[in-house]
Amino acid sequence: MPRYKRFADASVSEKILDSMFLITIGIGYLFALLNLYYTDQGRDGEPGLSVKDIQLAYYGSHNQTRLGAAINGPMESNLPNPAAKQTILDWINRGAKEAEFHEKVEPIMQQNCVMCHSAESGLPIPHFTSYANVVKLTETDTGATIPALVRVSHIHLFGIAFILFFVGRIFILCEIPVWLKRITVAIPFLFLIGDIFSWYIAKLIPGFAYVIIANGALMGTAFGAQLLTSLYQMWFYKPKSNPVEM
Ligand code: HEC
């Protein structure tokens, strides 16, 4: 019958090496969470990290453009009447074409906006003196771009797979029921892959932000369980049985 190695068979140097690795990775994971917090919190204008922040990060706010938001909000009072506002909104919805800008929108802006939105005013705000400047404020926010997601995907898959592999290798030396061990070594990888794919789906379906959060939480739980069980068993656990299966 084959006999597999357990923590009881590991030398003290090996256990010190394993422990230092696990502790460093554990601290790295906490910083990764902090990084996530600082990157995404406050996207929705509220302090703290919320599901809405995650939705804005991946899905964006689609039907809201900066110009549309301004004239529906703080800049509305600068317009003489609702018809003028509607003319600008219609122009945005029709694709913000240049000909229609000069014909319909520019006169409104010359009258009502350019006194502030121009170089002469000295205010640090966009100048509405050219089509190119105004059209920049009419692009919809569609969240994370595909090239950005692809970049983070490959870095995550390569980098985190290594971490999970080494943590799993150490965890295999634990003494726990073998079925539980087999599931536990696979789970973080499945959630890692699931997490990456859910980013792309969340770009299309805002509700998928919940799946991203669940995936991340489950991966962190499985990973943390491996790490803590390994550290505990390495130093404090006295084996009872003869290990026969890995
Ligand atoms: C009295 C001066 C004034 C007038 C008139 C004015 N604005 Fe503004 N606008 C500002 C200031 C100041 C800000 C920056 C502060 C803010 O966002 O509330 C701003 C911000 C904006 C923004 C946000 C820019 C960004 O970077 O997202 C838009 C869009 C905008 N204005 C559109 C308009 C439109 C359209 C009109 C005309 C109907 C208009 N404004 C008239 C002063 C003015």
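Taking θ = phi - 60°, what integer Hz values does the Karplus form 6.51 cos²θ - 1.76 cosθ + 1.60 yield along the stretch 157-170, in sequence order, with x for Gly and Pro?
Once rounded to whole Hz, the list reads 4, 5, x, 6, 4, 4, 4, 5, 5, 5, 5, x, 4, 5.
Which whole-angstrom value gives the distance between the alpha carbon centres of the stretch 1-28 and the stretch 97-176?
Using only Cα atoms, the two centres lie 44 Å from each other.
Report the semi-axes of the equivalent ellipsoid for the chain in whole Å, largest first, where each axis is √(5λ) for an eigenvalue λ of the Cα gyration tensor. Show your work: numbers first, answer last.
Working: eigenvalues 667, 53, 36 Å².
Working through the eigenvalues yields semi-axes of 58, 16, 13 Å.
Report, in deg cm²/dmol and to the nearest 500, the calculated mean residue ellipticity at 222 nm for the chain, where each DSSP H run with n ≥ 4 adds -39500 (n - 2.57) and the sum is divided by the residue count.
Helix-only estimate at 222 nm: -20000 deg cm²/dmol.
List the chymotrypsin sites (Phe, Trp or Tyr not before Pro) within the stretch 36-74 that DSSP assigns to loop and that have no more than 10 neighbouring Cβ atoms inside 10 Å.
Working: sites: Tyr37, Tyr38, Tyr58, Tyr59; in loops: Tyr59.
Answer by residue number: there is no such site.
Radius of gyration and Dmax for the stretch 60-101's Cα atoms, expressed in Å?
10.5, 31
Apply the Karplus parameterisation 6.51 cos²θ - 1.76 cosθ + 1.60, with θ equal to phi minus 60°, to every residue of the stretch 96-108 and state each ³J(HN,Hα) to the nearest whole Hz, in sequence, with x for glycine and proline.
Taking θ as phi minus 60°, the curve returns 6, 6, 5, 4, 5, 4, 5, 6, 10, 8, 4, x, 5 Hz for the stretch 96-108.
Can you give the angle from 0 to 90° between the axis of helix 82-93 and the longest principal axis of the chain, with both taken from C-alpha atoms, to the nearest 10?
Helix 82-93 sits roughly 50 degrees off the main axis of the chain.
Cα atoms only: what Rg and Dmax, in Å, come out for the stretch 66-138?
11.2, 32
Projecting each Cα onto the charge dipole of the chain (Lys/Arg +1, Asp/Glu -1 at the beta carbon, about the Cα centre), which of Gly45, Cys113, Leu218 comes out farthest on the positive side?
Ranked along the dipole, the leading option is Leu218.
Run the quick spin-label model on Lys238 and Glu139: label points 7 Å from Cα toward the beta carbon, then report their separation in nm to one decimal.
With each label point 7 Å from Cα toward Cβ, the separation is 6.7 nm.
Every number here is computed from the coordinates shown, using simple stated rules; none is lab data. What you see is a predicted model; the values in this text were computed from it and never measured. Positions of Cβ are backbone-derived with ideal geometry, glycine not excepted, and every protein chain shown enters the neighbour counts.
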